[in-house]
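Colleague: Can you read through this structure? Questions will come right after.
Nothing in this text is a laboratory measurement; each read-out follows from the coordinates by a stated rule. Source: prediction; values computed, not measured. Every residue, glycine as well, gets a Cβ built from its backbone with ideal geometry; the counts of neighbours run over all protein chains shown.
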Number of protein chains: 2
Amino acid sequence: MNDGVSFAVHSVNGAARLGALSTPRGVIRTPAFMPVGTAATVKAMHPEAVQALGADVVLCNTYHLMLAPGAERIAALGGLHKFMNWPHPILTDSGGFQVMSLAKLRKLTEKGVTFQSHVDGSRRELTPERSMEVQRLLGSDIQMQLDECLRLPASREDADRAMRLSLRWAERSKLAFGSQQGRALFGIVQGGEDSALRTESARALVDIGFDGFAIGGLAVGEPQSVMLKMIETVIPRLPDERPRYLMGVGTPDDLLQSLSRGVDMFDCVMPTRAGRHGMVFTRQGRLNLRNARFADDPRPVDPHSSSRMARDYSRAYWRHLVKSGEILAMMGLTEINLAYYLDLMEGAREAIAEKRLTAYIEKTRRGWLEGEADGGR
Amino acid sequence: MNDGVSFAVHSVNGAARLGALSTPRGVIRTPAFMPVGTAATVKAMHPEAVQALGADVVLCNTYHLMLAPGAERIAALGGLHKFMNWPHPILTDSGGFQVMSLAKLRKLTEKGVTFQSHVDGSRRELTPERSMEVQRLLGSDIQMQLDECLRLPASREDADRAMRLSLRWAERSKLAFGSQQGRALFGIVQGGEDSALRTESARALVDIGFDGFAIGGLAVGEPQSVMLKMIETVIPRLPDERPRYLMGVGTPDDLLQSLSRGVDMFDCVMPTRAGRHGMVFTRQGRLNLRNARFADDPRPVDPHSSSRMARDYSRAYWRHLVKSGEILAMMGLTEINLAYYLDLMEGAREAIAEKRLTAYIEKTRRGWLEGEADGGR
């Protein structure tokens, strides 16, 4: 791995690993959940609170930051860590996913993708080289190669073509990344829902050589079983001594199922986005606090949470705040959800160390069923 | 005063007073600024943070809470303090001002006012007796009589009629309040911009007898000089041994000018509302952080603020967050403004104790002029 970055597996339990990804800005305990801080802020959270909840690293979005306020501007202001007052590790994505999901008038070529900014309508270009330049300007600790994120469902031909383009971009990304002391570059396995393509992608990326390997293009609408099958296909092709990152996943159950299959890192907007919409994750399942049945409910959201927001306020209060559109609802429920996700990872790490991950997962799932959840898990 | 409530003046400097209003839930150091927590939340703030900034008391709105989630509901849940997790003193207004400014289809009679809820369109009634009942259900520490809040400009005849109606409602409010141990009831001086009416109102309220006296119906568009003249008219008619509360005021300069004339308590949405709209109060005047000139400005908002939000982040970061509509902008700028208002009161209290209030006010005003404020003070 790059100088100043290292990964160590301290304990295994089945395929699951307890590890530590060390960077000059701090150690990321794995399995790790990375809160999403799209535009240089984890929405509705003070950065000190994100860290206090147990987050070792946050993810920021290259696409958003290159459009506003701009990577060169952030660099001139001292880099992204200083800009957002988060001195701990930051992972940036490549921008490819948002170009595909947010930008208009996209045009994909071998060179890269041109698109229209959703902020000001300006014409922009994202190439592997530009993505790496933006991530370097931001000063990101963990940088991602540019890949083509296919919209599903896609034909095998499209998945094949996108996977091969992503491999060529992986090589260009690595060249553009160069050698940045104390920073890591991850490759991204693509290949849709096709085991053979996924295997080929993983092998080729390992040959190119990266500090870590991500699995991309999953949790985009396919059944959980398909996602898990792809994880089971890819993980054995990846070197044990490198971290594995499942991008954009997922529900608490997705996380437990995936880490038990050897995934080390996760990011997802689910806890933060759900919190802004009145939905909370608890040890007894999900609650939709918009629901009228909470109007007179004096109970806390989750008395075992590590967040005071879940312990010191009634469900009736949150229901009132959600209904009234109060900002504190978004603040408090976001915190409750991040605490839940981060506590879940902490519990998984302890369980792996004590070789009781299966029991931990079973107990956690039983808890969800005991509750009065408004939805699935 | 009511059992369990007391007010002591510890020091005077000209007409200004350093005092303490003591309640079973805590001591309110005066001059005091009360952050507004309309719907049982100081918008965009954790309650612990409001207290940490130096607030001894918050104001909540009877009108909003009686409509949603309902006073009886809050009482069944253990009262407003528990509901909003604010164990410190709470002042509630009477609901009269919001009925006049927010409700539709108002009909005013001797008995009270009927109106249509702006929440669900239901027909509601607010009388002196109902206002006191709601405030009692909420469990408010400082309760306000119902008064008629006249819209200005108003004729002398209207001001006269509204003042006399408010006096009759004052008597009914006092009767309905009864004797609540550890809680205070304030009367409200009305009379528009007419010194004779204000004097008559003050004298009559003193005869009825209240634990404190508010001055209402000011800062509704009149020049500051008119407001100050009304304060100078009313204050000498009020007993020295009771707290004086100027309702809904105002700018930092309004506060300094008013407390130097003997006002003890203030509330205003200005710091919280301005913060949600990108405007901050600093020791060097106001800044509108939407302004493009802050896009590359690495300086903190106010290095001498007691809020880390004003010290640890650049103006460029806040400008980015404001422009991007990020919730952290509302959280951070609200905190900066509340810190400014509460620090201003802390400074005034120290200055009164040391008999140097005039110098403190002059120095504070000079600071505003030194800056690069985007607006007036």
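Colleague: Would you mind getting me the FRET efficiency between B:K355 and A:R73? Use the beta-carbon distance for r and R0 = 41 Å, nearest 0.05. Each step should come with its number before you reach the end.
Modeller: Values: r = 49 Å, r/R0 = 1.20.
In this case the efficiency is close to 0.25.
Colleague: In addition: Starting with the highest mean, order A:56-66, B:223-233 by the number of other Cβ atoms within 10 Å, averaged over the residues of each peptide.
Modeller: Numbers: A:56-66: 24.5, B:223-233: 16.5.
Top to bottom by mean Cβ count within 10 Å: A:56-66, B:223-233.
Colleague: Can I ask one more? Using a Debye calculation, one point per C-alpha and no hydration shell, please list log10 I(q)/I(0) for the stretch A:147-192 at q = 0.22 Å⁻¹ in order.
Modeller: One equal scatterer on each Cα of the stretch A:147-192 leads to -0.72.
Colleague: Going by average Cβ density within 10 Å per residue, which order do the peptides A:252-259, A:106-113 take, highest to lowest?
Modeller: On the way: A:252-259: 23.0, A:106-113: 13.6.
Top to bottom by mean Cβ count within 10 Å: A:252-259, A:106-113.
Colleague: Find out how many positive minus negative residues lie around B:I327, taking Lys and Arg as positive, Asp and Glu as negative, among other residues whose Cβ is under 13 Å from that of B:I327.
Modeller: Numbers: positive: A:K43, A:R273, A:R276, B:K43, B:R276; negative: A:E326, A:E335, B:E326, B:E335.
Summing Lys and Arg as +1 and Asp and Glu as -1 gives +1.
Colleague: Grab the Cα-Cα distance for B:R151 and B:E171, subtract it from 0.36 nm times how many residues apart they are, and report the gain in nm with one decimal. Don't skip to the end; give the middle numbers.
Modeller: Values: separation 20, 0.36 × 20 = 7.20 nm, distance 2.27 nm.
Once the chain is fully extended between B:R151 and B:E171, it gains 4.9 nm.
Colleague: In addition: Could you give each residue of the stretch A:107-112 its phi-based ³J(HN,Hα) in whole Hz, using Karplus coefficients 6.51, -1.76, 1.60 with θ = phi - 60°, and x for Gly or Pro?
Modeller: Computed from phi, the couplings for the stretch A:107-112 are 9, 9, 10, 4, 5, x Hz.
Colleague: What is the helix-to-structure angle for B:128-138, meaning the angle in degrees between its Cα long axis and the longest Cα principal axis of chain B, kept from 0 to 90 and rounded to the nearest 10?
Modeller: Taking Cα atoms only, the helix is inclined about 50 degrees.
Colleague: Compare the Cα positions of B:A75, B:P239, B:G209 along the charge dipole of chain B (+1 at Cβ of Lys, Arg; -1 at Cβ of Asp, Glu; about the Cα centre) and return the one farthest towards the positive end.
Modeller: The one lying farthest along the dipole's positive direction is B:A75.
Colleague: Turning to a different aspect of this structure: Across bins of 5 angstrom width beginning at 0, how are the C-alpha pair distances of the stretch A:139-217 distributed, in whole percent?
Modeller: So the P(r) values, bin by bin, are 3, 18, 29, 23, 14, 8, 4, 1, 0.
Colleague: Restricted to Cα positions, what overall size does the stretch A:1-101 have along the principal axes? Three whole-Å values, descending.
Modeller: Its Cα atoms span 43, 31, 31 Å along the three principal axes.
Colleague: Over all alpha-carbon pairs of chain A, lay out the pair-distance distribution in 10 Å bins, whole %, shortest bin first.
Modeller: Spelled out bin by bin, chain A gives 5, 24, 33, 26, 11, 1 percent.
Colleague: Is there a simple number for the mean count of other chain Cβ atoms within 10 Å of the Cβ of residues in B:77-86, and what is it?
Modeller: Numbers: counts 8, 3, 0, 0, 0, 5, 6, 5, 6, 0.
The shielding value for this peptide is 3.
Colleague: Based on the Cβ-Cβ distance from A:E232 to B:E370, what FRET efficiency comes out when R0 is 51 Å, to the nearest 0.05? Intermediate results must be reported in sequence, preceding the final value.
Modeller: On the way: r = 66 Å, r/R0 = 1.29.
Here the calculated transfer efficiency is 0.20.
Colleague: If you put a point 7 Å past Cα along the Cβ direction, how far is that point for A:R73 from the same point in each other copy, in nm, smallest first?
Modeller: Sorted ascending, the copy-to-copy spacings read 4.2 nm.
Colleague: Around A:G19, which amide H atoms from residues at least 5 apart in sequence, or from another chain, sit under 5 Å from its own amide H, with H modelled in the peptide plane?
Modeller: A:H10, A:T30
Colleague: For the stretch A:85-188, evaluate the Debye formula with one uniform point scatterer on each Cα (no solvent term) and list log10 I(q)/I(0) at q = 0.10, 0.14, 0.15, 0.20 Å⁻¹, rounded to two decimals.
Modeller: -0.29, -0.55, -0.63, -1.04
Colleague: For q = 0.18, 0.22 Å⁻¹, what log10 I(q)/I(0) does the stretch B:34-158 give under the Debye formula with an equal point scatterer on each alpha carbon and no solvent?
Modeller: One equal scatterer on each Cα of the stretch B:34-158 leads to -0.93, -1.25.
Colleague: Moving on. Which whole-Hz ³J(HN,Hα) couplings does the stretch A:157-171 yield from phi under the Karplus relation 6.51 cos²θ - 1.76 cosθ + 1.60, θ = phi - 60°, glycine and proline marked x?
Modeller: Residue by residue, the stretch A:157-171 yields 4, 5, 4, 5, 4, 5, 5, 5, 4, 4, 5, 5, 5, 4, 5 Hz.
Colleague: Grab the DSSP H runs of the protein assembly as shown that are 4 residues or longer, score each as -39,500 (n - 2.57), total them, divide by all residues and round the 222 nm result to the nearest 500 deg cm²/dmol. Kindly include the intermediate steps, with their values, before the conclusion.
Modeller: On the way: 30 runs with 313 residues, N = 754.
It lands at -12500 deg cm²/dmol.
Colleague: To the nearest 20 debye, what charge dipole does the protein assembly as shown have about its Cα centre, counting +1 at the Cβ of each Lys and Arg and -1 at the Cβ of each Asp and Glu? Each step should come with its number before you reach the end.
Modeller: Working: 96 positive and 88 negative charges, 141 e Å.
For the protein assembly as shown, the charge dipole is close to 680 debye.
Colleague: Between A:E370 and the same site in the other copies, what are the distances in nm, shortest first, taking label points 7 Å from Cα along the C-beta direction?
Modeller: The projected label point of A:E370 is separated from its counterparts by 6.0 nm.
Colleague: Which whole-percent values make up P(r) of the stretch A:191-302 when all C-alpha to C-alpha distances are grouped in 5 Å steps starting at zero?
Modeller: Histogramming the stretch A:191-302 at 5 Å steps yields 2, 11, 20, 19, 15, 10, 8, 7, 5, 3, 2, 0 percent.
Colleague: Regarding the stretch B:304-377, what whole-number volume in Å³ per residue does the convex hull of its Cα atoms give?
Modeller: On the way: hull volume 6.9 nm³, N = 74.
Normalising the Cα hull of the stretch B:304-377 by residue number yields 93 Å³.
Colleague: Taking chain B as the reference, fit the longest principal axis to its C-alpha atoms, fit the long axis of helix B:224-234 to the helix C-alpha atoms, and give the angle between the two in degrees, 0 to 90, nearest 10.
Modeller: 40
Colleague: Tell me the label-point distance for the pair A:I208, B:L105, using the 7 Å Cα-to-Cβ offset, in nm and rounded to one decimal.
Modeller: Placing both labels 7 Å beyond Cα along the Cβ direction yields 6.7 nm.
Colleague: HN-Hα J couplings of the stretch B:245-255 from phi, Karplus 6.51/-1.76/1.60, θ = phi - 60°, integer Hz, Gly and Pro as x?
Modeller: 10, 8, 7, x, 10, x, 6, x, 5, 4, 5
Colleague: Could I ask something else about it? Taking a label point 7 Å out from Cα toward Cβ, give me the nm distances from B:D240 to the same spot in the other copies, shortest first, one decimal.
Modeller: Label-point distances to the other copies, shortest first: 8.5 nm.
Colleague: How large is the dipole of the stretch B:206-331 about the Cα centre if only Lys and Arg carry +1 and Asp and Glu carry -1, each at its Cβ, rounded to the nearest 20 debye? Write out the running numbers ahead of the final one.
Modeller: Details: 17 positive and 15 negative charges, 147 e Å.
Magnitude of the dipole: close to 700 debye.
Colleague: Label the stretch B:216-279 by shape, choosing from rounded, prolate and oblate, from the square roots a ≥ b ≥ c of the eigenvalues of the Cα gyration tensor; if a/c is under 1.5 it is rounded, and otherwise prolate applies when a/b is larger than b/c, oblate when it is not. Please list the in-between numbers first.
Modeller: On the way: a/c = 2.51, a/b = 1.80, b/c = 1.39.
The shape class here is prolate.
Colleague: How much space per residue, in cubic angstrom, does the convex hull of the C-alpha atoms of the protein assembly as shown take up?
Modeller: Values: hull volume 122.5 nm³, N = 754.
In the protein assembly as shown, the Cα convex hull volume per residue is 162 Å³.
Colleague: Taking chain B as the reference, fit the longest principal axis to its C-alpha atoms, fit the long axis of helix B:357-370 to the helix C-alpha atoms, and give the angle between the two in degrees, 0 to 90, nearest 10.
Modeller: So the inclination is approximately 50 degrees.
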